[in-house]
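*Asks:* Sending over a structure as C-alpha cells; questions will come in a sec.
The values are calculated or read from the model by the stated rules, or taken from the named source; none is laboratory data. All figures in this text were calculated on a predicted structure; none of them were measured in a lab. Note that we place each Cβ from the backbone using ideal geometry, even for glycine, and neighbour counts take in every protein chain shown.
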Amino acid sequence: MSPVDDTFISGSLDKTIRIWDLRSPNCRGLTNPLGKPVCSFDPDGLIFAAGVESLAITLYDLRAFDKGPFASFETRFNRACDWTGLRFSNDGKQILISTNGGMIRILNAFNGSVLHTFSGYNNSKGIPLEACFTPDSQFVMIGSEDGRVHVWSTESGMKVAVLDGKHPGPINTLQFNPRYMTFASACTQMMFWLPCVDVL
C-alpha cells in the first residue's frame, strides 16, 4: 500500500507487478520483471522496489514504471531459501528481505550492499514469515515457528530480545503501529503488544 494515497502494488505468480487504485476494479498498469516478484513502496510513495526470483532488486519510479527499472542490484546470495517479502525502512535507507528459510537480510537501499544478516530463529518447515522494521528504523522483528518474536538492532546487528507471545503456531506476520508503541503478531490468533510502562 502506498504511504501517501490509495495506490497499492501486487506481485503475483504470473510474474507481473500490477499497480492498483482502491477506487477502481481495474489495474492502472503492469510491468513484467522477468521473474516471480515481491515488492514494496518506499516511504515517499514515489519509488517501488521489486525482488525478482530471489536474485536481484530492481527500483522503479512510479511515475514512469512502464519504462522499466532505473536501478538494479544483483544480490548473489546463497539460494538456500526464497524471498517472501520486501520492505523499506521508514527512513528509506534500508530494505528488509524476508525469506522462507532461517534468515532475513537488510540491504543498503542505495547500492544493494548487505548490511546485516539475521538468523537464530526457528523456521525448519520453510514457512513464509514476514519481518518488519520498527517505525524509527532502529530494530527489525520477525516471528518464528515456535511462537516467539525475535528482535535485532539495525545499527549493531545484534539480537536484543526474544519475546514469548505464547502463540499456538508459527507467527506468520508482524505489523507495527506507525504512531504508537504497539505492534500485532499473528498466527491463527492475533496478539497485541504494549510497552511495559514500569520499565519506561
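*Asks:* Hey, could you check the range 59-74 for residues that are in contact with a Gly (Cβ under 8 Å, 6 or more places away or on another chain) and outside any helix (DSSP H, G or I) and say which is farthest from Val114 (Cα to Cα)? It would help to see each step written out before you state the result.
*Replies:* First, the residues of the range 59-74 that are in contact with a Gly (Cβ under 8 Å, 6 or more places away or on another chain): 60, 62, 65-66, 73-74.
From what's left, outside any helix (DSSP H, G or I): 60, 73-74.
Numbers: Tyr60: 20, Phe73: 11, Glu74: 11 Å.
For the range 59-74, the residue satisfying everything is Tyr60.
*Asks:* Turning to a different aspect of this structure: Restricting to the range 10-28, name every residue that is assigned to a strand (DSSP E or B) and basic (Lys, Arg).
*Replies:* Initially, the range 10-28 is screened for residues assigned to a strand (DSSP E or B), giving 10-11, 17-21.
Residue satisfying the conditions is Arg18 alone.
*Asks:* Can you tell me which of (1) surrounded by 15 or more Cβ atoms within 10 Å (Cβ to Cβ); (2) under 17 Å from the mean Cα position of the chain (by Cα) is the one Asn177 doesn't meet?
*Replies:* (1)
*Asks:* Sticking with this structure for a sec: Out of the residues in the range 136-179 that are among the charged types (D, E, K, R) and assigned to a loop (DSSP other than H, G, I, E, B), which is modelled with the lowest pLDDT? Even if it seems obvious, please write down each step before you answer.
*Replies:* Initially, the range 136-179 is screened for residues among the charged types (D, E, K, R), giving 136, 145-146, 148, 155, 159, 164, 166, 179.
Add one more test, that the residue is assigned to a loop (DSSP other than H, G, I, E, B), and what stays is 136, 145-146, 155, 166, 179.
On the way: Asp136: 93, Glu145: 94, Asp146: 93, Glu155: 96, Lys166: 88, Arg179: 82.
Filtering the range 136-179 for residues that are among the charged types (D, E, K, R) and assigned to a loop (DSSP other than H, G, I, E, B), the one modelled with the lowest pLDDT comes out as Arg179.
*Asks:* Let me ask something additional. List the pairs whose first member sits in the range 69-89 and is free of Cβ contacts under 8 Å to residues at least 24 places away in the same chain and polar (S, T, N, Q), whose second member is assigned to a strand (DSSP E or B) and surrounded by 12 or more Cβ atoms within 10 Å (Cβ to Cβ), and whose Cβ atoms are under 9 Å apart, counting only residues at least 6 apart or on separate chains?
*Replies:* What qualifies is Ser72/Val52; Ser72/Ala56; Ser72/Ile57; Ser72/Thr58; Ser72/Leu59.
*Asks:* Would you confirm whether any residue within the range 69-77 is within 23 Å of Ile142 (Cα to Cα), surrounded by 14 or more Cβ atoms within 10 Å (Cβ to Cβ) and either touching a Cys at 6+ places or on another chain (Cβ under 6 Å) or not basic (Lys, Arg) (or both)?
*Replies:* Yes, there is a match, as at least one residue in the range 69-77 is within 23 Å of Ile142 (Cα to Cα), surrounded by 14 or more Cβ atoms within 10 Å (Cβ to Cβ) and either touching a Cys at 6+ places or on another chain (Cβ under 6 Å) or not basic (Lys, Arg) (or both).
*Asks:* Go through the range 45-61 residue by residue and tally those that are surrounded by fewer than 18 Cβ atoms within 10 Å (Cβ to Cβ) and within 20 Å of Gly85 (Cβ to Cβ). Please lay out each step first, then the result.
*Replies:* So in the range 45-61, the residues surrounded by fewer than 18 Cβ atoms within 10 Å (Cβ to Cβ) come out as 45-46, 53, 55, 61.
Next, from what is left, pick out any that are within 20 Å of Gly85 (Cβ to Cβ): 45, 53, 55.
Qualifying residue count for the region: 3.
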